[in-house]
Amino acid sequence: MKIAIIGQQDFGKAVMEAFVARGDQVAGVFCKPEKPGEKPDALREAATQKNLQVFQFQSLKSPEAEQALHELDVDIGIMAYVLQFAPQSFVNIPKHGTIQYHPSLLPKYRGPSSINWPISRGDSQTGLTIFRPTDGLDEGPVILQKSCPIGPDDTLGDIYFNHLFPLGVNAMLEAADLVVSGRHTEAAQDESQASYEGWFRTEESKINWSNHVDQIYNLIRACNPAPGAWCELAGMKVSLFDCRKHRVRTFGAVRGKPGELVQITDKSIFINAQGGIIEVLRLKPENGKKMDASQFAIEHGLSPSPVKKS
């Protein structure tokens, strides 16, 4: 089939390469322009290396973007990790329209941080959806979905790179075949089950040590490897990454207040929370590099809080 790729970064690159590898014709690639000093876009670089036609419009709503897609005369548009708004006047240009990837089981977790939120809330399952893009954010009819489990210790990186990334690439191929051959179905999303979540940024990733240890551990997992769940240690902002959760089951097993550093070993540090303790193995000081938590404690003279006698 003859396709246009609309996307960016590593996922867009992988989707493009998957279509090329099986012999489909990529007539053109639409990427968001990089800002001055920004890291080169992986999809744009890969497309350029393959001598594919690359378009970088400031807006996909522009007449120039629509004209470019018209002239490509493609069978279908493939939206793979797109942060630019694509209006109906653009996505309806290909002969069989356009399909889009979203890393959640729509209509749940619409929005830009749809992988972080289910992990942070302790969900045991997530997945991906291939759907028809509309002018509403992630609201179009569903073509196919794939689910995957969220293990109790899985991080954002585990779920994305081990599940949603490879599953998503294959799902785009499958959905494109179904649509172009006329064998697909389109199911309207159930608005009564819909939820929208915004960006998972600095404020959302702040650790409140007075929360239950389960909530804190889920937050840390949801922010690993980005944006990093953070708190203050040694008077500075520190992001926590590789951690373990230790729940307590008897009264008095946790001594001290939430947020207190209660133990330092040669491999990790232990911080109190409600109902348990978070063991931190790797962390990253602000403006620094990831390092072993025990090394951080040594370098900054940290010591466990003294346990007060009752």
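Quick look at the numbers
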quantity	calculated
Most positive-pole-ward Cα, 56, 228, 180, against dipole of the chain from beta carbon charges	228
Net charge of neighbours whose Cβ lies under 13 Å from the Cβ of residue 2, counting Lys and Arg as +1 and Asp and Glu as -1	-3
Cross-link pairs beyond the 28 Å C-alpha cut-off, checked among 108/206; 50/289; 2/35; 13/267; 2/108	50/289; 2/35; 13/267; 2/108
Given charges at beta-carbon only (K, R positive; D, E negative), |dipole| of the chain in Debye	1200
Mean Cβ neighbour count within 10 Å, used as a protection proxy, ranking 238-249, 61-72, 185-196 highest first	238-249, 61-72, 185-196
For residue 70, net neighbour charge (Lys/Arg +1, Asp/Glu -1) across residues whose Cβ lies under 12 Å away	-3
Angle in degrees between helix 213-222 and the longest Cα principal axis of the chain, rounded to the nearest 10	40
Sequence-separation-based contact order of segment 197-286, relative, with Cα cut under 8 Å and 6+ spacing, percent	30
Principal-axis tilt of helix 63-72 within the chain, Cα atoms, nearest 10 degrees	70
Over the chain, relative contact order from alpha-carbon pairs under 8 Å, at least 6 apart, %	12
Length-normalised contact order of segment 170-237 in % [C-alpha pairs under 8 Å, at least 6 apart]	24
Percent carbon-and-sulfur accessible area, the chain, ignoring ligands, DNA and RNA, probe 1.4 Å	47
Average accessible surface area per residue within the chain, 1.4 Å rolling probe, Å²	49
Counted charge near residue 163, where neighbours are those whose Cβ lies closer than 11 Å (Asp, Glu -1; Lys, Arg +1)	-1
Accessible surface of residue 123 - all protein chains present, 1.4 Å probe, nearest 10 Å²	50
Charged-residue dipole, Cβ positions (Lys, Arg, Asp, Glu), segment 105-257 about Cα centre, Debye nearest 20	840
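The values are calculated or read from the model by the stated rules, or taken from the named source; none is laboratory data. All figures in this text were calculated on a predicted structure; none of them were measured in a lab. Positions of Cβ are backbone-derived with ideal geometry, glycine not excepted, and every protein chain shown enters the neighbour counts. What goes into the accessible areas is simple: the full protein's heavy atoms, side chains included, and nothing from ligands, DNA or RNA. Shrake-Rupley method; radii C 1.70, N 1.55, O 1.52, S 1.80 Å.
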